[in-house]
Amino acid sequence: MQLIHGDCISAMEQMPDGSVDLILTDPPYNVKVKITKNGKARTEEWDCIKDYPDFMMRWIAQAHRVLKPQGVMYFFHNDMNQLPEIMERIRKETDFALISFLIWDKGECRAQAWKNRDAKSHTALRSWFNTCEYILHYVKSGASKTEWDKTGLDRIYSNPELFRPLKEWYRSELKRLGKTERELMDFYKQVTGKGSGMFRHYFKDSQFEIPTADVYQKVFFPFGFRREYEDLRREYEDLRREYEDFRREYEDFRREYEDLRYTHHVDGNHKALIKCAPPNSTGRLHVCQKPVELLRRLVRVSSDPGDVVLDCFMGSGSTGCAALREGRDFIGIELDAGFFAAAKKRIEEEAANPYADNLTIWDDTLTRRACRTGAHKQPPTSKSQ
């Protein structure tokens, strides 16, 4: 676990490439709220950032870099006026693929601002009170060279034992001819007009390359190597069958990985509408604090135990609590000193005493379920998770 007090972009710049499995975060929304009270209207700026779309793309670019290939990113937002531009820039400027547009239904929550709306405004009578937030779900696409997605040929070449008989034959033929590898290399350069770079790979254990048929015909056989075509053909067929076996094994592992990576079988709920009550305002550490159970659901379906979860706008530390409860490692970054101190205390208490806080959860019918309180109890469950 690592908790960082500082700017998220600067902090992520210090992180290695491909070091994070899941990013789950709640960035500033850059909203201006018009409030009317006692007949007087005022506009409050909250979480406003200059050049907001550029700011979003700066941290998203770093998020893309630190994510592993096929890693997942979720971020919350609540302003449909700004989201289209941000989503379009993500599409154009990164290879993030949009997987889902989730809706977090907060249930039967109420807002005084709605009760105090301007009754004289005709537009207010035609608007809807928003009791939801949006969760954008992206996956980092693009080619990679991790162990699970290497091609079968890559895996064959990386096995130093597989071609040992062939390399031993090269050396035995040189010994029979009374020649050295250097003499064969000079002959190769003379015949092909090429440098020694590729030739060296014919004798190396690492980065080994099989000579082409053209190299055999123009270099090895004229130099004096004895090997009938039929023997070479049989060797090729053996290697081809070995390759096919590796390729089939790779495909089996790849399908198994995909099945494990994108699964919702943890609770059987595949809906993009997630119903979960927000934290009670009493005792809440942050005005935008997210429910731990909602975050736990996202952690479960998009990472594996032991994976690294990053929240680059840590706030009250809810993502950290969710990650710890699901057996993940956690990295949290928070700029505000007060929120950082509160989140650090909360996460450290969670690590020492899991499931000790009060949780209020809503099921699919939005009826309140009982809270569970007490140290070391099993995590609460809900149909809506």
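Observations
- Residues located in the range 270-283, provided they are modelled with pLDDT under 80 and under 16 Å from Ile99 (Cα atoms): His270, Lys271
- Filter result (surrounded by 21 or more Cβ atoms within 10 Å (Cβ to Cβ) and hydrophobic (A, V, I, L, M, F, W, C)) within the range 61-90: Ala63, Val66, Leu67, Val72, Met73, Phe75, Ile90
- The sole residue among Phe225, Phe221, Phe208 that is outside the structural domain of Ile135 (by TED's automatic domain parsing), in a loop (DSSP other than H, G, I, E, B) and modelled with pLDDT of 80 or more is Phe225.
- Any strands (runs of 3 or more DSSP E) falling wholly within the range 34-122 and containing at least 2 residues that are of a type outside the set (D, E, K, R) and modelled with pLDDT under 80: 40-46
- Among residues of the range 180-205 that are free of Cβ contacts under 8 Å to residues at least 24 places away in the same chain, those with a beta-carbon under 6 Å from a residue that is among the acidic types (Asp, Glu) and surrounded by 13 or more Cβ atoms within 10 Å (Cβ to Cβ) at least six positions away or on a different chain give the pairs His201/Glu209.
Residue-wise test of (1) of a type in the set (Ser, Thr, Tyr); (2) in contact with a strand residue (DSSP E or B) (Cβ under 9 Å, 6 or more places away or on another chain); (3) surrounded by fewer than 24 Cβ atoms within 10 Å (Cβ to Cβ); (4) at pLDDT 90 or above.
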{"site": "Leu285", "(1), (2), (3), (4)": "no, no, yes, no"}
{"site": "Gln289", "(1), (2), (3), (4)": "no, no, yes, no"}
{"site": "Asp304", "(1), (2), (3), (4)": "no, yes, yes, no"}
{"site": "Val309", "(1), (2), (3), (4)": "no, yes, no, yes"}
{"site": "Phe313", "(1), (2), (3), (4)": "no, yes, yes, yes"}
{"site": "Ser318", "(1), (2), (3), (4)": "yes, yes, no, yes"}
{"site": "Ala322", "(1), (2), (3), (4)": "no, yes, no, yes"}
{"site": "Asp329", "(1), (2), (3), (4)": "no, yes, yes, yes"}
{"site": "Gly332", "(1), (2), (3), (4)": "no, yes, no, yes"}
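- Only one of the numbered conditions (1) modelled with pLDDT of 55 or more; (2) not assigned by TED's automatic domain parsing to the domain that holds Val287 is not met by Leu153, and that is (1).
- Hey, Leu294 of a type outside the set (D, E, K, R) and surrounded by 23 or more Cβ atoms within 10 Å (Cβ to Cβ) or not: yes
- Selection status of Thr131, outside the structural domain of Tyr243 (by TED's automatic domain parsing), exposed (fewer than 11 other Cβ atoms within 10 Å of the Cβ) and either modelled with pLDDT under 85 or among the polar types (S, T, N, Q) (or both): no
- Of the residues making up the range 183-198, at least one is at pLDDT below 85, surrounded by 11 or more Cβ atoms within 10 Å (Cβ to Cβ), under 40 Å from the mean Cα position of the chain (by Cα) and not assigned by TED's automatic domain parsing to the domain that holds Asp21.
- Count of residues meeting criterion [modelled with pLDDT of 80 or more and under 29 Å from Asp238 (Cβ atoms)] in the range 156-179: 11
- Among residues of the range 173-200, those that are within 10 Å of Val219 (Cα to Cα) and touching a Leu at 6+ places or on another chain (Cβ under 9 Å), counted: 1
- Residue within the range 336-343 that is assigned by TED's automatic domain parsing to the domain that holds Phe101, of a type outside the set (Val, Ile, Thr) and either closer than 28 Å to Gln70 by Cα or in a loop (DSSP other than H, G, I, E, B) (or both) present: yes
The values are calculated or read from the model by the stated rules, or taken from the named source; none is laboratory data. Note that this is a predicted model, so its numbers are computed, not measured. Every residue, glycine among them, receives a Cβ derived from its backbone with ideal geometry; neighbour counts consider all protein chains shown.
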